[in-house]
Each structure stands twice: as C-alpha cells, then as structure tokens.
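Enquirer: One structure follows; several queries about it will come next.
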Amino acid sequence: MPAVKTAMDNWNVAAAESGANVHFSFKGLTDGEQISQGDLILIRQRVYSKKNRHLARLEAHSLRSDQLIDWGLILVDPRVKDRNVLTNIVAHEIGHSMGLLDCYHCESGTTAMGLLKSAEESNGIEGPTSCDRNSVLAAYQELKHHFSGRRYHKPQSMRMMRKMMIRRSCL
C-alpha cells in the first residue's frame, strides 16, 4: 500500500523533528479483529454523508482515559478509490492522531489538516506541511514542559511505536 506508506513516512520525519518519539511502521494486511496498544488500523467503512461530507474519520481510543491515544482506527469511505486521495486522507488522519485539529479556514495547500474537495481530486499534500510540523512541535514541547519535574511516567504518546495495519477489505 504505497499510498499509506508515503503518508506514514512523511509523518515519521515530522514526529522525529518534534521530539514526539512516535514512529509509524507499516505492518501489513490483517483479517483479524484483534487490536493491540499502539495499533492504528485503516478500515474501509461508509463515513460520507451529505450532512458531514467527510471522506474519513479517526477513532482514537485511550486505555487509561487520560486523553492520550493508545490505539486508533482510520475509517475511509469506499468512494475513495484514487491512490493520491488516499495518501492525502491518511496524512490528514495521522495528523489528528498527532493532536492536530481540522483547519477549515487554512489556505489550500498550507496544511494536511484542510478538507478535500472530493474523493476524486487530490490536494497534493502527502504529509505534514511546515505549518503542521510547527504545530506538532509546539504541542509536544508543551507536553514535555507540562510533564517535566513530575513523578508521572512520560505520556504514552511520547514514547509509543504505532503499527499501521490495513484490513484486506481496504484493497
């Protein structure tokens, strides 16, 4: 799945630059329902509706209810068939897993967190932009500052290795 790997590799560079200590690695296809800590699984599922007009959605889950993501699902609508659009979507949803919100007011081409026009038209963004990198860097610097000097363990999201698996139904 080159479309997924491209977005993951680009986010890995940004994560390393930010000090987030998060790394995404493609682990292949899975038919299984078993989800482990650190998994980020892409599933084809109907997401789009005329009301919300989203082509994908991240479902993030915390095992300890501490606002830190332990595992997640990226749900991608089956109407997305273009490889480049899938790369745009995965880049966008990984951005959410890194803590970024949608940016409805951002100028086109300035962020992975903008909206796609359609399931057939790529926005040309295959990973985080400089704006996205700066936002993640600021967020993780704040997290480090917030947790420094405390007896708590480092937040899981700052040391987590995430696996990307794609269910066979995604092909």
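Enquirer: Considering only the range 64-83, state which residues are part of a strand (DSSP E or B) and in contact (Cβ under 8 Å) with a residue 40 or more places away in the chain.
Expert: VAL76 - this is the single residue of the range 64-83 that is part of a strand (DSSP E or B) and in contact (Cβ under 8 Å) with a residue 40 or more places away in the chain.
Enquirer: Looking at the range 55-78 only, could you name the residues that are of a type in the set (A, V, I, L, M, F, W, C) and under 17 Å from MET113 (Cα atoms)?
Expert: LEU55, ALA56, LEU58, ALA60, ILE74, LEU75, VAL76
Enquirer: Among (1) part of a helix (DSSP H, G or I); (2) under 16 Å from ALA60 (Cβ atoms); (3) at pLDDT below 85; (4) in contact with a Lys or Arg (Cβ under 8 Å, 6 or more places away or on another chain), which single condition is SER169 missing?
Expert: Evaluating SER169 over (1) part of a helix (DSSP H, G or I); (2) under 16 Å from ALA60 (Cβ atoms); (3) at pLDDT below 85; (4) in contact with a Lys or Arg (Cβ under 8 Å, 6 or more places away or on another chain) leaves (2) as the failure.
Enquirer: Which residues, taken from the range 113-125, are modelled with pLDDT of 90 or more, under 19 Å from VAL47 (Cα atoms) and either exposed (fewer than 12 other Cβ atoms within 10 Å of the Cβ) or in contact with an Asp or Glu (Cβ under 9 Å, 6 or more places away or on another chain) (or both)?
Expert: Within the range 113-125, MET113, GLY114, ALA119, GLU120, GLU121, SER122 meet the criteria.
Enquirer: Just the residues that are surrounded by 15 or more Cβ atoms within 10 Å (Cβ to Cβ), part of a loop (DSSP other than H, G, I, E, B) and at pLDDT 85 or above, please, taken from the range 7-63.
Expert: GLN45, VAL47, TYR48, HIS54, LEU55
Enquirer: Only one residue in ASP39, ASP77 is touching a strand residue (DSSP E or B) at 6+ places or on another chain (Cβ under 8 Å) and within 29 Å of GLN141 (Cβ to Cβ), so which one is that?
Expert: ASP39
Listed here are the residues, each with its yes/no results for (1) surrounded by 15 or more Cβ atoms within 10 Å (Cβ to Cβ); (2) out of contact with any His (no Cβ under 6 Å at 6 or more places or on another chain); (3) within 15 Å of VAL22 (Cβ to Cβ).
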{"position": "TRP71", "(1), (2), (3)": "yes, no, yes"}
{"position": "ASN88", "(1), (2), (3)": "yes, yes, no"}
{"position": "ALA91", "(1), (2), (3)": "yes, yes, yes"}
{"position": "HIS96", "(1), (2), (3)": "yes, yes, yes"}
{"position": "GLY99", "(1), (2), (3)": "yes, yes, yes"}
{"position": "LEU137", "(1), (2), (3)": "yes, yes, yes"}
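The values are calculated or read from the model by the stated rules, or taken from the named source; none is laboratory data. If you're wondering where the values come from, they're calculated on a predicted model, not measured in any experiment. All Cβ positions, glycine included, derive from the backbone under ideal geometry; neighbour counts span all protein chains shown.
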